[in-house]
Structure formats: C-alpha cells, structure tokens
Amino acid sequence: MSQYILEMVDVVKIFPGVKAVRGVTLKVKPGTVHGLMGENGAGKSTLMKCLIGIYEMTAGKIILNGNEVQIKDTISALSLGISMIHQELNVVTERSVAENIWLGREPLKNGFMVDHKKMKRNTLDLLKRLHMDINPDETMRNLTVAKTQMVEIAKAVSFNADIVIMDEPTSALTTTETQQLFRIIENLKKKGVTIIYISHKMDEIFQICDEITVLRDGEHVRSDSASNLNINKLISLMVGRELTEMFPKIDCEIGEPILKVENLSSGKDFSNISFELNRGEILGLAGLVGSGRTEIVETIFGLRPKTEGRVYINGEEVDIRGPYDALENGIALLTEDRKKTGIIPVLSVKDNTVISNLKRYVEGITLNHKKIKLDTEEYIKKLNVKTADLETAIQNLSGGNQQKVLVARALLTAPDILIVDEPTRGIDVGAKAEIHSLITKLAAQGKGVIMISSEMPEVLGMSDRILTMHEGKMTGIIDRHDANQEVVMKYISDGYKNKEENNE
Ligand SMILES: Nc1ncnc2c1ncn2[C@@H]1O[C@H](COP(=O)(O)OP(=O)(O)OP(=O)(O)O)[C@@H](O)[C@H]1O
Ligand SMILES: [Mg+2]
C-alpha cells in the first residue's frame with residue numbers, strides 16, 4: 001500500500017505554443033490539506049485540470065492509492081472520488097441553486113421525472129450541514145460572487161469525494177466566510193478527505209495546510225511540510241526572489257474634495273450613504289459580503305439606479321446614468337466580477353487592455369496602433385502578465401493574468417476617480433505589490449481612489465480612511481491611524497450594531 005493517496009508523476013501539459021506544465025511530480029498524503037502554490041501562470045490550475053480530466057496530459061502518470069489510473073473526463077474523475085471547485089466559477093445562471101448543485105444527477109421519481117421536492121430537501125440538508133445561509137430556490141444570477149462561490153463549495157462537497165481540489169475557493173469570500181470554509185475543511189479532514197488547496201492568500205495557507213508544493217514556471221520547485229516553511233521562505237520559492245515591501249503606501253498630501261456623495265440610496269441594497277473623497281486619497285470600503293459595498297460603487301458608476309441622494313464631482317452635481325456618463329465625468333471602475341462585466345474572452349490581450357480608452361488613441365480617423373502596442377507592452381511588463389504575446393486571446397491566460405489585464409485597463413484610463421472592486425483578487429504576491437504601488441502613485445498624482453477589498457491587510461495597508469458598512473448601512477469612517485483589524489471588524493460586524501442599539 002502506498003503512503004500517498006495521490007501521486008502525479010512527471011506530468012507535462014503542452015498547449016499550442018505554451019508549455020504550461022513541464023514535468024511536475026505531486027505526492028499527496030491521505031487526510032491532509034496540501035497547498036499548491038505558485039505565481040500567476042505557474043501551472044497550478046492546469047495541473048489540477050489534468051487530474052480532474054478536463055485536460056489530457058501530454059505526458060505523465062496518475063496513481064491513486066498505489067494504482068495507476070486513466071482519467072479521461074470529469075465523470076471518470078468523480079467516479080474515482082475526485083471533485084473540484086473551479087477558479088472560474090461555472091454556473092448555469094438561469095437555474096436555481098438546487099438545480100446547479102445536482103445538475104446531471106437530479107433525484108428522480110418514477111424513474112424518469114426530476115423529484116424537485118427531494119432535490120430541495122437534499123439541498124437544504126447540504127446547506128444546513130455546511131452552515132450556509134442560501135435559498136435553494138434562488139436563481140443563480142441573483143447571487144453575489146461570494147454566494148456563488150459558496151454554492152460551488154457546497155457542490156464539490158456534495159459528491160462525497162475522497163479528494164477535493166479547491167482552486168482559489170476564497171477569492172470572493174471575506175474573512176468570516178473564509179473561516180467558515182476552514183471549519184468545513186477541518187470536518188472533511190476528520191472524515192479522512194484529502195484537500196488540494198490553491199490560494200494566493202499567504203495567511204490562509206499557513207492556517208490550514210499540512211504540506212505545501214511550490215511550482216514556478218510550470219516546474220516543481222519544492223514540496224515540504226508547512227511547519228518547515230514560513231511566509232518569506234514561501235514567497236521566495238514562488239517568485240525566486242525576496243519581496244520586501246507589501247504595502248508601499250506613499251504618504252501624500254490630501255487635497256480638495258473631488259467626489260461627494262450625499263444620502264445615496266438604492267432600493268433595499270443600501271441607504272443613506274454620505275462621504276467625501278479627496279484628491280490624493282484612497283478611501284477603503286470595508287464590509288462583509290452582502291453589506292452593499294459593490295452596490296454603492298455600481299450606483300456611483302451608473303450601473304444601477306439610485307433611488308435617493310446626490311453625487312457631486314468637483315463641487316458640481318452630476319447625474320450619472322451609465323458607464324458612458326461615468327467615464328465622461330472621469331470615473332473608471334474595475335469590477336469585481338471579471339467574467340460577467342470584465343474580460344471579453346475572445347479578444348486579444350491588447351484589445352482587452354485598451355478597450356475602454358480607445359478615445360485616447362484616436363488620430364484623425366484611425367487609431368494609433370503603435371501607441372496602443374507600446375502602452376500595452378508597458379503594463380504587461382509592469383504587472384508581469386504571463387502571455388505568449390499581445391495577440392493571444394485573453395481566455396487562454398491563467399486567471400490571475402486575466403485580472404492583471406483588467407487592472408491595466410483601469411489604470412490606463414487614468415481617470416480622476418478610480419474605483420477598484422477587489423483589485424488584487426487572485427493575483428500573486430509579486431504583482432500585488434506592483435498594483436498597490438501603481439494605485440498609490442495615482443493617488444499621489446492627486447487622483448481619488450475608492451477601493452473595495454475583502455482582504456483586511458490590504459484595506460488596512462492601503463487606505464487613508466476606511467468607510468465601514470453593515471447590511472446596507474454605513475457604520476463609520478475610520479482614519480488610517482485609528483484603524484486596526486479589531487476596530488474594523490467591530491464596525492462591520494453584527495456585534496458592533498447590537499452594542500450600539502443596546503446603548504441607546
Ligand atoms: N487553454 C489554454 N490555452 C493556452 N494556454 C493556456 C491555457 N490554459 C492555460 N494556459 C497557459 O498555461 C500557463 C499556466 O496557466 P495556469 O492557469 O495553470 O496558471 P495558474 O498557476 O493556475 O495561475 P493563476 O494563479 O493565475 O490562476 C499560463 O501561461 C497560461 O497562459
Ligand atoms: Mg489558476
């Protein structure tokens with residue numbers, strides 16, 4: 001009997017023109033959480049997609065419990081006890097939560113009709129067991145990215161697999177929900193389930209992983225037990241160098257108010273939001289999932305109607321009814337959901353980079369293609385985007401590299417007001433620091449930045465002030481110097497609200 005539940009041996013995966021995985025060996029012990037780490041484009045997702053049968057390996061072997069197996073598709077992977085939560089959430093948006101979870105394996109009555117009652121009951125049981133507060137009948141399209149991610153987690157668990165692969169399962173989750181997932185993982189572990197865990201959030205890795213394997217440029221760098229590594233060692237294994245500064249915040253002069261929001265409300269999503277954003281300032285928006293952060297910035301950007309309130313730019317009231325108005329008024333938005341509103345999958349990296357800024361390249365009746373190319377090249381280099389070339393379709397890039405292109409697009413717009421919603425989601429440590437420094441530089445140039453982030457260190461490290469939200473209501477604005485994790489958590493959580501009410 002092998003001491004490993006899973007051995008992937010000398011795995012190679014070549015795409016046309018790209019050698020994504022170059023002979024990687026991964027050995028995983030049963031009942032452990034095994035972290036799979038590496039920069040964007042290192043080959044983590046590709047290796048796991050070989051294991052789950054989405055990709056056919058160019059070369060290599062897969063051994064389960066000592067026996068070599070052939071995995072030709074996801075169905076055979078599932079029948080061998082392997083399930084996966086994908087990095088790019090893949091849901092049927094028009095169907096319900098229950099239908100998505102049991103898709104293709106719905107419980108039947110009379111042998112051929114879907115037993116909806118039973119399906120709902122099973123879903124309720126599953127969600128309850130995982131302590132997820134989600135309505136089984138809700139249509140997927142109405143769920144936030146975070147809730148969608150939780151449904152995907154529930155689905156992966158529902159297969160009762162022996163090995164569950166989690167490819168960045170917490171990218172859209174806040175601290176509280178992440179801890180909830182960790183409890184689920186602990187329970188799975190107790191039942192002997194093995195987890196392969198991919199994340200760019202370093203603290204998570206050390207919180208839950210027993211062993212860690214690091215990939216770099218498609219190659220195996222090191223496998224070790226987590227206790228033999230620490231964050232700095234891990235980072236240098238991943239990027240091949242030491243990173244010194246994580247949040248390179250420049251202290252710059254705070255200028256005149258550039259944006260003023262007064263009593264802004266949008267239906268029942270949020271109400272009575274008032275704040276000012278000054279030139280040179282980064283205003284963080286903190287809150288739990290569903291607190292209304294994304295909805296606020298979408299309303300300012302004109303993506304959803306306001307039901308009350310006023311918005312002023314440079315002291316003048318504006319009426320922004322859509323993205324076009326917003327851009328005209330010097331506002332750019334990097335959206336949270338790159339699949340729905342972000343990338344245009346079939347277009348090239350270059351076109352995706354400049355698409356919102358074509359105006360900038362118009363010369364007479366043509367476009368200045370040379371300038372487009374130069375600008376794209378500059379940002380690809382700055383953000384270390386891993387792509388074969390500028391003409392590669394963006395859908396062929398790794399998840400994190402797609403996100404980098406979207407960040408480049410937002411930064412290139414060089415707006416007066418930059419709104420970024422989870423700007424570094426899924427981005428590796430090296431590029432994260434680069435994005436932070438680019439955002440900070442924009443602020444130092446006298447622009448105003450609003451940043452939503454679910455990563456507490458990012459909010460605390462980057463913001464001059466932090467606006468806190470709880471269930472659609474503002475609970476405070478905290479100055480950088482008064483902010484720490486505990487204070488912010490208090491303001492965004494239920495506890496704070498209850499305390500206030502009790503005091504009344
Ligand atoms: N379908 C595809 N066609 C062509 N190239 C691809 C395809 N999928 C991935 N690649 C390339 O393979 C390499 C590895 O990508 P992969 O998605 O495995 O990276 P990753 O480690 O998961 O990165 P991330 O942290 O950004 O998710 C990248 O250079 C990527 O561009
Ligand atoms: Mg990936």
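Readers should treat all values here as calculations from the given coordinates under stated rules, not as data from a laboratory. Everything numeric in this text was worked out from a predicted model, so none of it was measured. Using ideal geometry, Cβ is built from the backbone for each residue, glycine included, and neighbour counts are taken over all protein chains shown.
Values computed for the structure shown
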| quantity | calculated |
| --- | --- |
| Amide H contacts under 5 Å for Asn278, placed H, 5+ residues apart | Ile258 |
| Fraction of antiparallel bridges per DSSP, segment 6-239 only, in percent to nearest 5 | 60 percent |
| Partners for Lys441 among lysines (Cα-Cα distance below 20 Å; same-chain residues under 8 apart left out) | Lys249, Lys381, Lys382, Lys404, Lys432 |
| Within-11-Å neighbourhood charge of Asp217 [Cβ basis; K, R +1; D, E -1] | +2 |
| Share antiparallel - DSSP beta bridges, the chain, percent rounded to 5 | 60 percent |
| Set of aspartates and glutamates with alpha-carbon distance to Lys49 below 13 Å, sequence-local pairs under 8 removed | Asp73, Glu88, Asp167 |
| Per-selection metrics, the chain (Cα): Rg and Dmax in Å | 23.3, 74 |
| Size of electric dipole in the chain: Cβ of Lys, Arg +1 and of Asp, Glu -1, about Cα centre, debye, nearest 20 | 1420 debye |
| FRET efficiency, Glu256 to Asp217 (Cβ-Cβ, R0 60 Å, nearest 0.05) | 0.80 |
| Candidate aspartates and glutamates - alpha carbon under 13 Å from Lys268, same-chain residues fewer than 8 apart omitted | Glu295, Glu308, Glu471 |
| For segment 148-220 and segment 386-406, distance of Cα centres in Å | 25 Å |
| Rounded, prolate or oblate (a/c below 1.5 giving rounded, otherwise prolate when a/b exceeds b/c) for segment 323-382 by Cα gyration tensor | oblate |
